[in-house]
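See below for the structure under consideration.
The values are calculated or read from the model by the stated rules, or taken from the named source; none is laboratory data. Keep in mind that this is a model prediction, so the values were computed, not measured. Note: ideal-geometry Cβ built from the backbone for every residue, glycine included; neighbour counts use all protein chains shown.
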Amino acid sequence: MAVDPPLGILGGVFDPPHVGHVALGSSAIEHFGLGRLLVLVVADPGHKRALTPSATRLELTRLAFEDVLLADVELDHHARTVDSLEERKPPDGVFVLGADEFVDFPTWKCPGRVLQLVRLGVALRPGVPDDRVREALARVPAPDRISFFEMTPVPVSSSEVRSRVERGEAIDGLVPQRVAEAIAQLGLFS
């Protein structure tokens, strides 16, 4: 009997989505042999303030991932990852995140329950000290549910994109071309 490939889940605020998000999702698809990547745009994040309305972030994220064949982009109305996963209960899910987010994972709402519902796929990148990753790993209840994988570093952040737009600087190469065009057309972040 054939086993279905795992479902990847990549959640975030995506304010705006950038090439690092796309690279993370694409790397996870390849590394884990995902059958599908569900990209969840958090409508009202509980951990940080979104500057752009959720409908706009959803559209930008759809543009960012339009060339990733296995990606589906949806709006997530849950502020916390565990609540979203409780609703979905994916049978074989891999929640994808970067090492920079993983170091804070032990402080998330119900990290133990998250690890019961999905495995974590953590992309290792330069800039996140190994000792911080090891410290976070030592604080999680089920370290065997976490897989680390390497990805080519993509040095970009949403805050950097917003700052550049605000200063009138180019964002070529930091966001997919269609996202850059939409940001300019909508007059975002300026």
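Collect the residues in the stretch 2-32 that are in contact with a strand residue (DSSP E or B) (Cβ under 7 Å, 6 or more places away or on another chain), outside any loop (DSSP other than H, G, I, E, B) and of a type in the set (A, V, I, L, M, F, W, C), keeping them in residue-number order.
Correct list: L7, I9, L10, V19, L24, A28, I29, F32.
If you go through the stretch 47-64 one residue at a time, do you hit one that is in contact with a Lys or Arg (Cβ under 9 Å, 6 or more places away or on another chain), at pLDDT 95 or above and closer than 27 Å to P5 by Cβ?
Yes, the stretch 47-64 has at least one match.
Can you name every residue in the stretch 106-135 that is closer than 22 Å to V156 by Cβ and of a type in the set (K, R)?
R125, R132
Does V68 fit the bill of being modelled with pLDDT under 95, assigned to a loop (DSSP other than H, G, I, E, B) and of a type in the set (V, I, T)?
Against the criterion (modelled with pLDDT under 95, assigned to a loop (DSSP other than H, G, I, E, B) and of a type in the set (V, I, T)), V68 does not qualify.
Residue check: is E135 touching a helix residue (DSSP H, G or I) at 6+ places or on another chain (Cβ under 8 Å) and not in a strand (DSSP E or B)?
Working: touching a helix residue (DSSP H, G or I) at 6+ places or on another chain (Cβ under 8 Å): no; not in a strand (DSSP E or B): yes.
In short, no.
Restricting to the stretch 138-158, name every residue that is in contact with a Ser or Thr (Cβ under 8 Å, 6 or more places away or on another chain), assigned to a loop (DSSP other than H, G, I, E, B) and not aliphatic (A, V, I, L, M).
T152
On the basis of being of a type outside the set (V, I, T) and surrounded by fewer than 19 Cβ atoms within 10 Å (Cβ to Cβ), does G112 make the cut?
Criteria met by G112.
Tally the residues that are out of contact with any Leu (no Cβ under 9 Å at 6 or more places or on another chain) and of a type outside the set (S, T, Y), restricting the search to the stretch 145-164.
Here the count works out to 2.
Which residue is modelled with the highest pLDDT, if the candidates are limited to the stretch 84-107 and must be among the aliphatic types (A, V, I, L, M) and assigned to a helix (DSSP H, G or I)? Reasoning before the result, please.
Keep residues of the stretch 84-107 that are among the aliphatic types (A, V, I, L, M), which gives 85, 94, 96-97, 99, 103.
Filter again for assigned to a helix (DSSP H, G or I), leaving 85, 99.
On the way: L85: 97, A99: 94.
Here the answer is L85.
Among the residues of the stretch 53-73 satisfying the criterion of being under 23 Å from Q185 (Cβ atoms) and either exposed (fewer than 15 other Cβ atoms within 10 Å of the Cβ) or of a type in the set (S, T, N, Q) (or both), which is nearest to the chain's Cα centre (by Cα)?
The residue in question is T61.
Hey, A180 hits all of (1) farther than 13 Å from G98 by Cβ; (2) in contact with a strand residue (DSSP E or B) (Cβ under 6 Å, 6 or more places away or on another chain) but one; which does it fall short on?
Result: A180 fails condition (2) only.
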